[in-house]
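A.B. asks: Provided herewith is a single structure, encoded as structure tokens, for subsequent inquiry.
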Amino acid sequence: MKGILIRWVINALALILVSHVIQGIQVDHLLAAFVAAAVLGVMNAVIRPVLILLTLPITLLTLGLFVLMINGFMLYIAGAVVKGFHVNGFWAAVFGSLFLSVISWIANAFINDRGRIEYIEVRTR
């Protein structure tokens, strides 16, 4: 449970960072970032798998690149649903979701389910 909360905070802060880096994405206040991160989490858990399954032929044809469009669509919809979180344009959503995915991937790689930071130990002989 603690790991989920830490990832939620990291994703909310990542949304704020994305709004500073990508033009067309705007976060009005901190609460909007947390609500948008929660909405994105729920949408990615419920709606995204259905969309990926429905668009599987296109995803296979594009060698998986269509998933970037699905991620951008999810961010765009979250911008339409959450007050204080604005996504202006589909391409801003695609690039923002790509940036957000990288940050989320790094957070998931180093934070386990208990909320502890994992590290990789390299041994040399």
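Here, each number is a calculation from the coordinates, and none is a lab measurement. Owing to the predicted nature of the structure, the values given are computational and were not obtained by experimental measurement. Cβ placement follows ideal geometry from the backbone for every residue including glycine, while neighbour counts extend to all protein chains displayed.
A.B. asks: Over all distinct Cα pairs, what is the inverse of the mean 1/r for the range 2-110, reported as the Kirkwood hydrodynamic radius in Å? Provide the component values of the computation, followed by the final result.
C.D. replies: Working: mean 1/r = 0.0720 Å⁻¹.
Value: 13.9 Å, from the Cα pair sum.
A.B. asks: Output wanted: per-residue J couplings in Hz (rounded whole) for the range 105-111, from phi through Karplus 6.51 cos²θ - 1.76 cosθ + 1.60, θ = phi - 60°, x for Gly and Pro.
C.D. replies: Ordered by residue, 3J(HN,Hα) equals 4, 5, 5, 5, 6, 10, 10 Hz.
A.B. asks: Once amide H atoms are built 1.01 Å from N in the peptide plane, which residues 5 or more positions from I25, or in another chain, come under 5 Å H to H?
C.D. replies: Long-range HN contacts for I25: N88.
A.B. asks: While we're looking at this one, here's another question. Work out from phi, with θ = phi - 60° and the Karplus expression 6.51 cos²θ - 1.76 cosθ + 1.60, the ³J(HN,Hα) of each residue of the range 45-59, listed in order in whole Hz, and give x for Gly and Pro.
C.D. replies: Computed from phi, the couplings for the range 45-59 are 7, 9, 7, 4, x, 5, 5, 5, 5, 5, 9, 4, x, 5, 5 Hz.
A.B. asks: Placing unit charges on C-beta atoms (Lys and Arg positive, Asp and Glu negative, everything else neutral), compute the dipole magnitude of the chain about its Cα centre in debye, rounded to 20.
C.D. replies: On the way: 8 positive and 4 negative charges, 64 e Å.
Dipole of the chain, to the nearest 20 debye: 300 debye.
A.B. asks: If I take every Cα pair under 8 Å that is 6 or more residues apart in the range 2-110, average their sequence separation and divide by the length, what percent do I get for the relative contact order?
C.D. replies: 35 percent
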